[in-house]
Every structure is written in structure tokens, then in C-alpha cells.
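Worksheet for the structure shown next.
The values are calculated or read from the model by the stated rules, or taken from the named source; none is laboratory data. No experiment lies behind these values; they were computed from the predicted model shown. Glycine gets a Cβ as well: all are built from the backbone with ideal geometry, and neighbour counts include every protein chain shown.
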Amino acid sequence: MKKLVLILILALIGGGISLAQMMGNMPMMRHSMIRHRYVMMNGIPNEYRNLSNPIRANKENIKAGEKLYNTYCALCHGTKGYGDGPTGQTLNPSPSNIASAVCMPMAADSYLFWTIAEGGKNLSTAMPSFKGALSKEDIWKIILYVRSELSACWGERWGMWIFMIVVWILIILGAVAIFRWVTSSKIQSSESALDILKKRYAKGEISEEEFNKMKEEITERRD
């Protein structure tokens with residue numbers, strides 16, 4: 001039983017470390033928080049604050065957004081939006097994981113449009129401003145494509161639930177094993193005390209009355 005408890009404790013520790021690493025590699029855990037903190041402190045500039053995407057989410061516009069994304073964004077942000085493009089891997093700070101960033105509550109259309117249009121000039125990042133290279137319609141098509149095809153929101157939610165379920169299962173298994181070990185140890189200890197008591201009675205070291213009284217005490221402790 002002691003070996004089982006030790007194995008479960010080690011499994012709990014090892015599983016926790018592995019799950020933490022897994023969660024660390026998930027998109028939500030790796031996207032840059034620089035822009036997030038900036039908006040929390042300063043808000044989105046007034047000229048962008050109330051914008052919403054006027055482009056219809058049809059196949060034609062999404063396909064056009066994909067082409068624009070691959071031309072202007074993929075080198076840094078990667079083909080899947082994870083921030084792992086060939087150019088992005090050389091930058092510090094690294095490009096945002098936009099597949100994850102679009103899942104943030106603050107990532108409204110206005111936030112995304114401002115991000116692409118102004119780049120990182122106020123954030124000390126290498127992201128260029130695209131408002132001179134892309135039309136407003138093109139920027140909206142890129143946003144449409146990112147939301148439609150690159151968003152990792154559902155995967156992250158499922159990943160978080162799986163993580164929590166596995167952690168709770170490990171905790172419950174560990175608690176059950178420890179409880180059984182403690183209970184078993186008490187029973188074994190009580191049985192050993194009873195055996196010793198019987199030997200003392202057999203040798204005549206204690207009377208029958210003393211034997212019965214001590215036996216009753218040992219039985220009560222065991223229960």
C-alpha cells in the first residue's frame with residue numbers, strides 16, 4: 001500500500017508538471033500581453049473605438065482575407081496564427097499569437113482593426129503599421145479570415161476543461177490512496193497490539209479482567 005501511495009503521489013506531481021507544460025504550449029498561454037496591457041492602461045484610440053466589420057462573412061471574402069494574410073502577416077505570425085512564422089522567430093518580443101488573441105474579450109473588431117492599422121509603434125514592438133499598405137476593406141478581410149479560420153477559441157476551452165478534469169482525477173485518486181493507507185496502517189497497528197495483548201494473557205502476565213478491558217480499548221481505537 002505504501003508503494004501504491006508513493007506511486008500515486010509521484011504520478012500526481014509528474015502529471016501536474018506535464019499538464020503545466022502542455023498548457024504552456026497551448027495558444028492561450030503564449031500570446032503576447034503587451035498590447036493587452038496597453039489597452040487596459042490607455043484604451044483604444046478614439047478614431048478606432050467604435051468600428052465594426054462591415055464585410056460579409058462569405059467564402060469569397062474569407063478567401064481574399066486568407067490571401068492577404070499569407071502575403072502580409074504569415075511571415076511573422078505563422079500560417080496558423082501562432083506567432084511562429086520564420087521572420088517572427090527572430091523578433092523580440094515575439095509576434096502575438098493571434099489565433100489566441102482573437103479569443104480575448106477585448107479583441108473586438110475595433111481592437112483588431114487598430115492593431116493592424118497602427119502596428120506596434122506605440123508598444124515598442126516590430127509590427128509595422130499597415131494603414132498605408134492596405135485599404136480598410138483589406139484589413140477587414142484579414143480580420144474576417146482570422147476570426148473564421150484561425151481562431152483557436154474552442155480548442156482552448158476544451159483544453160482547459162480537460163486540464164482541470166485530469167487534475168481533479170489525480171487529486172481524488174491520491175486522496176483515496178492516502179486515506180486507505182492511513183486506515184490500513186491503523187488496522188495493522190491495532191491488530192499487532194491485540195496480538196501482543198493475547199501473548200501477555202497467555203503467559204499469565206495480565207488477568208482475564210485486564211485482558212478484556214484492554215482488548216475493548218484496542219477494538220474501540222480500531223473502529
All-but-one check, residue 126 against (1) assigned to a loop (DSSP other than H, G, I, E, B); (2) hydrophobic (A, V, I, L, M, F, W, C); (3) surrounded by 18 or more Cβ atoms within 10 Å (Cβ to Cβ), failing number (3)
Could you list all residues from region 48-62 that are in a helix (DSSP H, G or I) and free of Cβ contacts under 8 Å to residues at least 40 places away in the same chain? 59, 60
Inside region 189-208, the number of residues satisfying the requirement of being surrounded by fewer than 12 Cβ atoms within 10 Å (Cβ to Cβ) and at pLDDT below 75 is 1
Checking residue 140 against (1) over 18 Å from residue 40 (Cα atoms); (2) in a loop (DSSP other than H, G, I, E, B), which single condition isn't satisfied? (2)
Check region 79-92 and report whether any residue there is β-branched (Val, Ile, Thr) and touching a Cys at 6+ places or on another chain (Cβ under 6 Å). yes
Does residue 32 satisfy the condition of being of a type in the set (Gly, Ala, Ser), in a loop (DSSP other than H, G, I, E, B) and at pLDDT below 85? yes
Quick check on region 91-109. Is at least one of its residues within 18 Å of residue 140 (Cβ to Cβ), without any contact (Cβ under 8 Å) to a residue 60 or more places away in the chain and either of a type in the set (D, E, K, R) or not assigned by TED's automatic domain parsing to the domain that holds residue 49 (or both)? yes
Which condition breaks for residue 63 when tested against (1) over 16 Å from residue 151 (Cα atoms); (2) basic (Lys, Arg); (3) modelled with pLDDT of 95 or more? (1)
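Yes/no per residue for (1) touching a Phe, Trp or Tyr at 6+ places or on another chain (Cβ under 9 Å); (2) assigned to a helix (DSSP H, G or I); (3) modelled with pLDDT under 90:
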| residue | (1), (2), (3) |
| --- | --- |
| 16 | no, yes, yes |
| 22 | yes, yes, yes |
| 28 | no, yes, yes |
| 46 | no, no, no |
Do you know which residues across region 65-80 are in contact with a Phe, Trp or Tyr (Cβ under 8 Å, 6 or more places away or on another chain) and either in a loop (DSSP other than H, G, I, E, B) or among the hydrophobic types (A, V, I, L, M, F, W, C) (or both)? 68
